[in-house]
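The block underneath contains the structure these notes are about, expressed in structure tokens.
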Amino acid sequence: MEILGLTFQLGVFFAIYGFIWFFIDVGIKIITSGAVKSELSNYMIKGVKYLFLVNVIFLFSVTETKIELSALIPVILILFLYFVGKFQKNQNKNVFLSRMGIQSNSIQFNSRYEMVLISLSLLVFIFFIVEPSVAQNNIAKWFKATIIDIETTAIIGFIFKIIGFFFLLDILTKTINAFQFIIARIVSRDPSKNQDKFDDFEEVE
């Protein structure tokens with residue numbers, strides 16, 4: 001049950017962080033006067049977004065006096081599933097809009113850049129485990145305090161808890177599908193099953 005509670009709580013944090021970053025992104029567009037950004041600059045901004053996301057999640061997952069590696073393993077797994085979900089969502093959106101003949105600089109998608117960002121983000125999280133003092137920076141602390149303030153707000157906090165619940169369901173679905181895929185692969189490679197198929201063929205002959 002602890003893993004379910006952790007997944008739900010992280011889902012709430014992800015949603016609130018995305019909400020905060022929406023306004024940061026709007027501010028960036030205002031400052032740049034809505035100038036068209038290159039694909040590289042878009043991914044640099046997304047890199048910063050992911051960097052502080054894993055930073056904040058790390059702060060939520062540890063105390064200032066103690067780091068339990070066993071407790072961080074499920075956090076890393078949930079982070080990975082979250083990033084994979086974002087990757088699939090952006091990929092599907094890109095494919096859909098491409099088929100519709102729509103092109104937009106705000107939804108640029110590069111699978112190589114996406115995978116690099118995900119890999120670097122997870123490596124940064126591991127780096128924080130080795131050097132936790134680096135994670136204790138003012139920007140990450142501000143994000144953490146703001147997320148807590150929003151979460152504890154009556155109406156808005158309740159809305160994000162609903163989002164966290166659906167995130168939990170999504171993670172459970174992905175996990176079940178992954179296990180089903182693995183089991184199906186194992187069964188398909190079972191020599192006895194292949195032998196049965198051969199025997200059936202021999203009987204028909």
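Could you order peptides 138-146, 13-21 by the average number of other Cβ atoms within 10 Å of their residues, highest first?
13-21, 138-146
Between VAL116 and SER38, what is 0.36 nm times their sequence separation minus the Cα-Cα distance? Round to one decimal in nm.
26.3 nm
When the Karplus curve 6.51 cos²θ - 1.76 cosθ + 1.60 is applied with θ = phi - 60°, which whole-Hz ³J(HN,Hα) does each residue of region 42-59 get, with x for Gly and Pro?
With the stated coefficients, region 42-59 comes to 4, 6, 5, 5, 5, x, 5, 4, 5, 4, 6, 4, 5, 4, 5, 4, 4, 4 Hz.
In whole Hz, with x marking every Gly and Pro, tabulate ³J(HN,Hα) for region 129-142 from phi via Karplus 6.51 cos²θ - 1.76 cosθ + 1.60, θ = phi - 60°.
Karplus-based 3J(HN,Hα) across region 129-142 equals 5, 6, 10, x, 5, 5, 6, 8, 9, 5, 5, 5, 5, 5 Hz.
What FRET efficiency would be calculated for the residue pair PHE19, GLN88, taking the C-beta separation as r and a Förster radius of 25 Å, to the nearest 0.05? Could the numbers behind the result be given before it?
Values: r = 21 Å, r/R0 = 0.85.
E(calc), rounded to 0.05, equals 0.75.
Hey, which of these cross-link pairs are over 28 Å Cα-Cα: LYS29/LYS144; LYS93/LYS144; LYS66/LYS86; LYS141/LYS174; LYS49/LYS161?
Numbers: LYS29/LYS144 24 Å; LYS93/LYS144 30 Å; LYS66/LYS86 31 Å; LYS141/LYS174 31 Å; LYS49/LYS161 22 Å.
Beyond 28 Å: LYS93/LYS144; LYS66/LYS86; LYS141/LYS174.
All of the numbers you see were taken from the coordinates with simple rules; none came from a lab. This is a predicted model, so every value here is computed, not measured. Reconstructed Cβ throughout: ideal geometry from the backbone, glycine too, with neighbour counts over all protein chains shown.
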